[in-house]
1. As an exercise, use a Förster radius of 22 Å and the Cβ-Cβ distance of Leu67 and Asn305 to find the FRET efficiency, rounded to the nearest 0.05.
2. How many nm is it between the label spots at Leu25 and Lys198, if each spot is 7 Å from the Cα in line with the beta carbon?
3. Once label points are set 7 Å from the Cα along Cα→Cβ at both Leu160 and Ser123, what is their separation, rounded to one decimal in nm?
4. Under a point spin-label approximation (7 Å from Cα along Cα-to-Cβ), what is the Ser173-Thr97 distance to one decimal in nm?
5. Just order 105-116, 86-97 by mean Cβ neighbour count inside 10 Å, highest at the front, would you?
6. Rounded to whole Hz and in sequence order, give me ³J(HN,Hα) for segment 217-225 from the Karplus expression 6.51 cos²θ - 1.76 cosθ + 1.60, θ = phi - 60°, writing x for Gly and Pro.
7. Between Asn268 and Val37, what's the calculated FRET efficiency when r is the beta-carbon distance and R0 is 35 Å? Round to 0.05.
8. Pairs to check: Lys106/Lys199; Lys197/Lys306; Lys66/Lys197. Give those whose C-alpha atoms are more than 21 Å from each other in this structure.
Amino acid sequence: MTLPILLGVFLIWYSLSKVSFSELLVYFKNANYFWIVLGMFFGLLSHLSRAYRWRFQLEPMGYHVKLPNSIMAVFSAYLINYTIPRAGEVARASILTTYEDVPFEKGFGTIVSERVADLIAMSCIILVTLFMQFDYIVSFLSKSFQPKNILLGLIALVLLFLVFVFYIRRSQSKVAIKIKTFVSGLAEGVLSIFKMKKKWAFVFHTIFIWVMYVLMFYVTSFSISELEGIPLGAILIGFISASFSIAATNGGIGSYPIAVYAAFAIFNIPEQPSIAFGWIVWTSQTLLLMVLGGLSLLLLSIYNNKSE
């Protein structure tokens, strides 16, 4: 918990060493807010679609969740992720356990399965981007990563995982039994994606969510005049880089604008508008999630008390 916060603070300092706070304020002041608001609208649509899609996964297990609860659980999770990274997913499943009687492990399993679907969607975006901008991406990866170290790390993780699985399967301890029970419920939630009656609706919403994410990023770039005519390849690489940065710190604080800057630098786009754009996207989307997440946490109990 402490490390992501410290990393976020360091990255904020680093970005402000590239663009002073006063210069950043000028970019915010001169930005075209029509495009920022439109980007927020696309972001909102993606989150609502995610909440609606979630219900498709829960129905095969016999749980017919109210749409308002699904929406408020999603927005609450986004807000909580700003405090402790990935804690929002746990809170999201817990909200359904509290208000919809969905067992935690099953609800959490559906969240894991939707992350798998999102990973596939992100992989498709990466493949399209790789096809469009192969030379740029290879150059960036070769400078940033050592393939040998990555391979050794993956092998070590796989070996540790296999040892853990072997131990749990053979053990009859209380802890092992609890883990087996949890994994069983988790697997049911994950496999719910294959039992859905509305598979194509799920696919449609998955595509829609990620199209809205990309559009959110793209249209917001119009808010800064210095980024006029930015190549589509830069937008896609910037989007991918920024998306992965969210996992580095709490909600991407500090890391998001630096990730955008790093991606845009490959295309020789000036650092000041790149970092300012990253802060504008991050700030606008964070404001949206904080307002709606805060309202969701406040309204959850009120709505469900009235529903009883």
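Every number in this text was worked out from the coordinates using simple rules, so none of it is lab data. Please read all numbers here as calculations on a predicted model, not as lab measurements. With ideal geometry, Cβ positions are generated from the backbone for all residues, glycine too; neighbour counts draw on all protein chains shown.
1. That gives a FRET efficiency of 0.80.
2. About 4.8 nm separates the two model spin labels.
3. 2.3 nm
4. Label-label distance for Ser173 and Thr97, simple model: 2.2 nm.
5. 105-116, 86-97
6. Residue by residue, segment 217-225 yields 5, 5, 5, 5, 5, 5, 6, 10, 4 Hz.
7. In this case the efficiency is close to 0.75.
8. In this structure, Lys197/Lys306 lie more than 21 Å apart at Cα.
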